[in-house]
Amino acid sequence: MKKKIYLAMLAVCFALTASACGDGGAVITDGTKTEGAADGKKAETGTTRLVSVENVEKYITIGEYKGLTLDNTVDAITDDDVQAQIDENLKDKAEPVSDAAKEGDLVTVNYTGTKDGQTFDGGTANNYDFVIGDGQMFEEFENGVIGMKKGDTKEIKIDFPSDYADETLAGKEVIYKVTVQNVRREGELTDEWVAKNTDYTTVDDYRESIRSELEKNAKESAQEVLKNTAWSTVLENSEVKEYPQEDVDKAVSEFKKSMEVYAKQADMTLEEFTDSQGISQDDFDEQCQQYAEGKVKQNLIVQGIMDAEGLSLDDKESLQLQDKLVEQMGVSSIAELVGTYGQDYVDESVGLLRVEEFIIKNASVSEKVANGDVLADDADDADAAAENAEQDSDQNVSDEDTDDSGQDNSDVDENLEEELGTEDVDQSE
């Protein structure tokens, strides 16, 4: 488990400009003029640079980044999608009730499990939320809560299956002492509910607003996928000839400092922290190097394209991207963004966004609509094809929960944390 925690931290840092691992160091500037820009274009004198070297071509061969063939695939929004979002909103707006809990209610419970009269690790939770009937808990547990009211306490017996994944619980009887903290029930979708809980007055208007919002989100998600695809295509087709040592050393130092932050939070030195995660010094050094080389490769490509195309981190377009980044990160100003994540983070993020936009602008992009596994060039074709896909999906639903002998495999979950939320976590925090 400890190693998983470390690897999760590592993944965050490997996100490069998508993470806050930077140490906020000063930006690298180059007061000289870049030579050899394509089409007679020149990078601006004195512009902010992402790498310490002037001649990027010496260090990397950049893959083809103009004239790429890309698909911009937007998910079609169906009536089922709209209804699913409405159902989720109804659940979020569930209101407390004083009567007994029933199937479909959102209940908040405290529980303590005992095995052979003794509590056990992971068997206790406070302020734990679940919906009766959703299968988040064991069926016996959910059924036991039915009929209880706020403040009621009850013991519920669970016989764990003999093949349960946790051997300490497999085949054992566990008694859970359960106290209901709250019972909430979702309302019905009516004009009255809409007027009370939304900015709309009728169900029809509310449905249309949900559809519009989902369609907007689908387009934004597709655009992000398109940008990632454009960038990854160039990244994979680029080859580093030599890593600028100054940049690699800086990135290694940055990675170590980010890990030192985690170590300090655990009241440990960096060496103690990595050791506690089961990471050897050699492995840690290798991961530092991998992070540094990945980061430097990205910056070399971005800077190389910007040099070749006469782009700058200081021009109007990049400043507009800074504003967009501020909005996306939910901060009040670029100064706050820099203060929180560091100037390097901002520069690298803006540079990458600028280059992604340039690649897409110079690509052949086909607009597609996706409905499940069905692709089409317009929404009408996608919706028509999706009808058959949905029928096939309905036909095969039962197959997913049975094996070749027809046995139902969906009843027993092998993960105690998923079934009973058996972590000592207070969900109210």
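The values are calculated or read from the model by the stated rules, or taken from the named source; none is laboratory data. Quantities reported herein were computed from a predicted structural model and do not represent experimental measurements. Methodologically, a virtual Cβ is constructed for each residue, glycine included, from the backbone with ideal geometry; neighbour enumeration extends over all protein chains shown. Each accessible area value is taken on the protein alone, full model and side chains, heavy atoms only, with ligands, DNA and RNA left out. Shrake-Rupley method; radii C 1.70, N 1.55, O 1.52, S 1.80 Å.
For segment 89-94, putting each phi into the Karplus relation 6.51 cos²θ - 1.76 cosθ + 1.60 with θ = phi - 60° gives couplings of 5, 4, 5, 5, 9, 4 Hz, in residue order, rounded to whole numbers and with x for Gly and Pro.
With a ≥ b ≥ c taken as the square roots of the eigenvalues of the C-alpha gyration tensor of segment 47-182, please select rounded if a/c is under 1.5 and otherwise prolate if a/b is larger than b/c or oblate if it is not? Taking the square roots of the gyration eigenvalues as a ≥ b ≥ c, segment 47-182 is prolate.
For the pair Ser98 and Gln281, label points projected 7 Å from Cα toward Cβ lie 6.8 nm apart. Between Ile175 and Glu54, what's the calculated FRET efficiency when r is the beta-carbon distance and R0 is 56 Å? Round to 0.05. The value I calculate is 0.20. As a length-normalised measure over Cα pairs under 8 Å and 6 or more apart, the relative contact order of segment 126-260 settles at 12 percent. What shape does segment 212-302 have by the C-alpha gyration tensor, where a ≥ b ≥ c are the square roots of the eigenvalues, rounded means a/c under 1.5, and otherwise prolate means a/b greater than b/c and oblate the rest? The shape class here is oblate. Annotation for Glu246 and Thr119: the two label points, set 7 Å from Cα along the Cα-Cβ direction, are 5.9 nm apart. Between the amide H of Gln181 and those of Thr108, Val109, Asn110, Gly151, distances stay under 5 Å, these residues lying 5 or more places away or on another chain, with hydrogens modeled in the peptide plane. Sorted largest first, the principal axis extents computed over the alpha-carbon atoms of segment 88-127 equal 40, 21, 14 Å. The label-point distance for Glu140 and Lys91, in a model that sets each label 7 Å from Cα toward Cβ, rounds to 2.6 nm. Here the gap between Asp129 and Thr198, fully extended at 0.36 nm per residue and compared with their Cα-Cα distance, gives a gain of 22.4 nm.
Of the heavy-atom accessible surface of segment 52-196 (probe 1.4 angstrom), what whole percent is carbon and sulfur? Spell out each step's value before the answer.
Values: 3110 of 7750 Å².
With neighbouring chains kept in place, the figure for segment 52-196 is 40 percent.
Placing +1 at every Lys and Arg Cβ and -1 at every Asp and Glu Cβ, with all other atoms neutral, what dipole size does segment 262-315 have around its Cα centre, in debye to the nearest 20?
On the way: 3 positive and 13 negative charges, 30 e Å.
With only Lys, Arg, Asp and Glu charged at Cβ, the dipole is about 140 debye.
In the structure displayed, which of Lys91/Lys177; Lys264/Lys297; Lys219/Lys264; Lys216/Lys257; Lys219/Lys257; Lys256/Lys316 lie more than 32 Å apart, Cα to Cα? Distance filter (> 32 Å) returns Lys219/Lys264; Lys216/Lys257; Lys219/Lys257; Lys256/Lys316. The stretch between Asn110 and Asp267, if pulled fully straight at 0.36 nm per residue, gains 53.4 nm over its current Cα-Cα span.
Heavy-atom accessible surface of Val240, to the nearest 10 Å², is about 30 Å², with a 1.4 Å probe and all protein chains retained.
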